[in-house]
Amino acid sequence: MGSEPEEDGRGEAVAPDAAPQEPLPSPSPVPASSPRRRAVKLVLLGAGLLATLYVGSKAPREQHVRLVLGTSAASVRRVDLAYAAEGGEVVRETRFAFEEGHAPRVVPHEPELADGDYRLRIEVDTTGGRRSIERRVTLGGGTTQVDLGDALAAPRQNEPRTAP
């Protein structure tokens, strides 16, 4: 009789000489579905999303830049293009060479660059000489057109103007 196990009230057997066990305290004083716990989860999720978006916007991605040569395209032989970041550091360079009379009116370029402000340093070799042009652009994932037609059609600064 004394060696038979007793039940603890939940239907589980307990050794007769074992001391009654106290129920363990709940590991969390806040229930899993409380509004406070949900708010903390939402704040952490929002912070993670904002951090991901910020880091993602700083990562290089394909940009679409169009250099518009316009009616001066026939005289263009070569275009040297450099992208300088805000601090003046050149982050990307490229060169386009064309047979005389065969440059397109629009020269497309799709560099991998982060969104932001850049200064384009453009050197254009034409049948009439070399032109240096600078333009400020803001790249943001869309298409950016840079019109060079006026700069190429205008007389060079050292060139005398001729009356019509």
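When the stretch 104-115 is filtered for residues that are in a strand (DSSP E or B) and either surrounded by fewer than 17 Cβ atoms within 10 Å (Cβ to Cβ) or without any contact (Cβ under 8 Å) to a residue 40 or more places away in the chain (or both), the ones remaining, listed by number, are 106, 108, 112. Would you check which residues across the stretch 76-116 are among the aromatic types (Phe, Trp, Tyr), in contact with a helix residue (DSSP H, G or I) (Cβ under 9 Å, 6 or more places away or on another chain) and farther than 17 Å from residue 149 by Cβ and list them? Correct list: empty.
Residue by residue, here is whether (1) of a type outside the set (A, V, I, L, M, F, W, C); (2) modelled with pLDDT of 90 or more; (3) in contact with a helix residue (DSSP H, G or I) (Cβ under 8 Å, 6 or more places away or on another chain) holds:
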| position | (1), (2), (3) |
| --- | --- |
| 19 | no, no, no |
| 30 | no, no, yes |
| 34 | yes, no, no |
| 38 | yes, no, no |
| 65 | no, yes, no |
| 74 | no, yes, no |
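I want to confirm something. Restricting to the stretch 118-139 and keeping residues that are closer than 18 Å to residue 84 by Cα and exposed (fewer than 12 other Cβ atoms within 10 Å of the Cβ), which single residue is nearest to the chain's Cα centre (by Cα)? Only one residue fits best here, namely 138. The residues of the stretch 62-103 that are exposed (fewer than 14 other Cβ atoms within 10 Å of the Cβ) and in contact (Cβ under 8 Å) with a residue 40 or more places away in the chain, listed by number, are 62, 71. Scanning the stretch 87-140 for residues that are of a type in the set (A, V, I, L, M) and more than 20 Å from residue 70 (Cβ to Cβ) returns 90, 91, 113, 114, 139. Any residue at all in the stretch 140-163 that's acidic (Asp, Glu), assigned to a strand (DSSP E or B) and in contact (Cβ under 8 Å) with a residue 60 or more places away in the chain? Looking for residues that are acidic (Asp, Glu), assigned to a strand (DSSP E or B) and in contact (Cβ under 8 Å) with a residue 60 or more places away in the chain, one finds at least one in the stretch 140-163, hence yes.
The values are calculated or read from the model by the stated rules, or taken from the named source; none is laboratory data. Model, not experiment: these values are computed from the prediction. Every residue, glycine among them, receives a Cβ derived from its backbone with ideal geometry; neighbour counts consider all protein chains shown.
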